[in-house]
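First up is the structure itself, then whatever we jot down about it.
Read-outs throughout are calculated quantities, based only on the coordinates presented, and are distinct from any laboratory measurement. No experiment lies behind these values; they were computed from the predicted model shown. FYI the Cβ positions are ideal-geometry reconstructions off the backbone, even for glycines, and counts take in every protein chain you see.
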Amino acid sequence: MEKDKLAVLKKVLVQNKEIDYWVIAKIIEKKYNLYLTKNVQHENYLTGMREDYIVTVFKKYEQELGEATITIVDFSESEIKKKVDEALFAASLSRNPFYEPFAEKEKIIKLNLHDTIFDKSQRDIQTIVEDFSEKIRMEVQKNKKIKFTSAEILTVDRNSLLMTSKGHELEQRKSAVYVELILTTMGKGEEVEFLADKTETTFEKFNISDFVKEAVETVIDVSNAGHPEAFTGPVVLTNPAIHEFFVPTMGENPIVTNSSARAKYMNVSKFELSKPIAKFKGEKLTLKSNALIPQGLRSSAFDASCVPARNLTIVEDGILKNLVSGKQFADYLKIKPTGPLGNIQISPGKLSADALYEGKTPVIEVKSFSWFDPSPYAGDFASEIRLGYLIKDGKRIPFKGGLLVGSVFDAIADANYSKETVEDAGYYGPKAVRFNKLVVSGL
């Protein structure tokens, strides 16, 4: 029946002579989720499958190209034709300068991006998820000061197929395992709750012991944390704050945004090819987008325009080397598209992580943000600190609250990177980074 759905969609699209290009995206997503409370009796296991057929049609209008996207739920030919006609009308109202919507057919590298556990039966998968959750609970119970409050284990197994009017038929399967853990401990006269979360592509890559240990240490420090005073000086970011700095939860780092062909075409980029991206005083940044890392959370063999993935050097020794370019804006700038944006790789520095704290002046360490959301082009940020430390006179004093204020571009201009590295949810880079002059606003 699924093959029939694709066949009937293709038939309708090919027969419609008003359409110049089309693409069908078939996405099958399976979920296996477990919700836990502190009372074991309240466990809830949910499974689900969703199948989507998404069609995008393109029509040429002299030097312009209109496009519109529809989701097909009724597969009778008459209903599909009706939806396609609606899409063509929408495309006539939404036009951009003309570009070729799909890349030429090329060999696509086969990437291993899914957990083979999802090849097992639903009952076996449920058992694996339940065992995984029990290991988390047992790890938490090792510390008597900590209460297990609740947890969610969310998994997804997604298979995507692209079929285009240009003859592409590309398929890719990806998986992810997400854990959200809420812990409680007694703080200064009151209970303090803390949420820790982490995403990996496979169960095997998820180190439960390290995850829980980090969460336990963090909730204890949060429970004892005071409020920060105003500070200007060296600030060290450690994980997960350093991950958020280079790979924000929402959007992309301003360095990547300003390195895009889109920004260059719109004339809003701060960068110029083959020129420094900042006036560097410290170590010079090298940043890559690598979509080819096996089991990488942000890896992908191809993008929506069927452009093959690459390991792309964006910034090398502080110099902008390449623009990140999807097919549309690459055509506008007459450059080669670079494929999907991938995992962000930051080259390590020369110093040890411990050496980043050395010096006569106090140092602030930011371990996590409540939210890090810099201005996408200007790079300015004022982000609330979820957990930080004032390191002064040999003491490490935890605090929460206050804002880290600055500019991404000013920060990287005067920075030092640890030689030790970490891998975390699409970030591959230094374990710690010292920005030599940033501001923390106190409370």
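Couplings for segment 405-415, taken from phi via the Karplus curve 6.51 cos²θ - 1.76 cosθ + 1.60 with θ = phi - 60°, read 10, x, 10, 4, 6, 5, 4, 6, 5, 9, 9 Hz in order; Gly and Pro are left as x. Across segment 119-131, coupling constants 3J(HN,Hα) worked out from phi with the 6.51/-1.76/1.60 Karplus curve, θ = phi - 60°, read 7, 7, 5, 4, 5, 5, 5, 4, 4, 5, 5, 5, 5 Hz, and Gly and Pro carry x. For segment 344-443, applying the loop criterion from DSSP together with a ceiling of 16 other beta carbons within 10 Å to the trypsin sites (Lys or Arg not before Pro) yields Lys350, Lys360, Lys419. Size descriptors for segment 119-239, from the alpha-carbon set: Rg then Dmax equal 19.9, 66 Å. For the pair segment 384-443 / segment 60-76, the C-alpha centres are spaced 46 Å from each other. Over all projection directions, the Cα-based convex hull of segment 181-279 averages an area of 10.4 nm². Both numbers refer to the Cα atoms of segment 2-223; Rg and Dmax are 23.9, 73 Å. Restriction of the GluC sites (Glu not before Pro) in segment 333-429 to DSSP coil positions whose beta-carbon has at most 14 other beta-carbons within 10 angstrom yields Glu358, Glu420.
Principal axis extents of the C-alpha atoms in segment 231-441 (largest first, rounded to whole Å): 56, 35, 30. Starting from the Cα of Glu214, step 7 Å along the direction of its Cβ; do the same at Asp74; then give the gap between the two resulting points in nm. My value for the distance between the label points is 4.9 nm. Translational diffusion of segment 233-330 was estimated from the Stokes-Einstein equation, with Rh taken as the Kirkwood radius over Cα pairs; at 37 °C and 0.692 mPa s the coefficient is 222 µm²/s. Taking a straight line from the alpha carbon of Lys321, these aspartates and glutamates sit under 14 Å away, with near neighbours fewer than eight places off in the same chain left out: Glu272. For the chain, the calculated P(r) over all alpha carbon pairs, in 10 Å bins from 0 to the bin holding the longest distance, is 4, 18, 25, 25, 18, 9, 2, 0 percent. Between the residues Thr202, Ser121, Leu404, the greatest Cα displacement towards the positive end of the dipole of the chain, with unit charges on the Cβ of Lys, Arg, Asp and Glu, is found for Leu404. Dimensions of segment 1-77 along the principal axes, based on C-alpha atoms and rounded to the nearest Å, stand at 65, 31, 14, largest first. Can you pull the Kirkwood radius for segment 276-335, inverse mean 1/r over Cα pairs, to one decimal in Å? Mean inverse Cα-Cα distance, inverted, gives 13.1 Å.
Entry note, segment 2-223: relative contact order of 20 percent, from Cα contacts under 8 Å with a spacing of 6+ residues. Temperature 20 °C, viscosity 1.002 mPa s: under these conditions the Stokes-Einstein estimate for segment 323-443, based on its Kirkwood radius over C-alpha pairs, is 130 µm² per second. Can you tell me which of Ser300, Ser223, Ser289 moves the most in a GNM of the chain? Springs connect C-alpha atoms under 10 Å apart. The residue with the greatest mean-square fluctuation here is Ser223. Under 5 Å from the amide H of Phe399 lie the amide H atoms of Gly226, Gly388, Tyr389, Leu390, each residue being 5 or more positions distant or on a separate chain, with H modelled from the backbone and absent for Pro and chain starts. Less than 5 angstrom separates the built amide H of Glu420 from those of Ala353, Lys431, all sequence-distant by 5 or more or on a different chain.
Among the GluC sites (Glu not before Pro) found in segment 111-200, those both in a DSSP coil and sparsely packed, with 13 or fewer other Cβ atoms within 10 Å of their Cβ, are Glu190. Averaging the sequence gap over all C-alpha pairs within less than 8 Å and six or more residues apart, then dividing by the number of residues, gives the chain a relative contact order of 15 percent.
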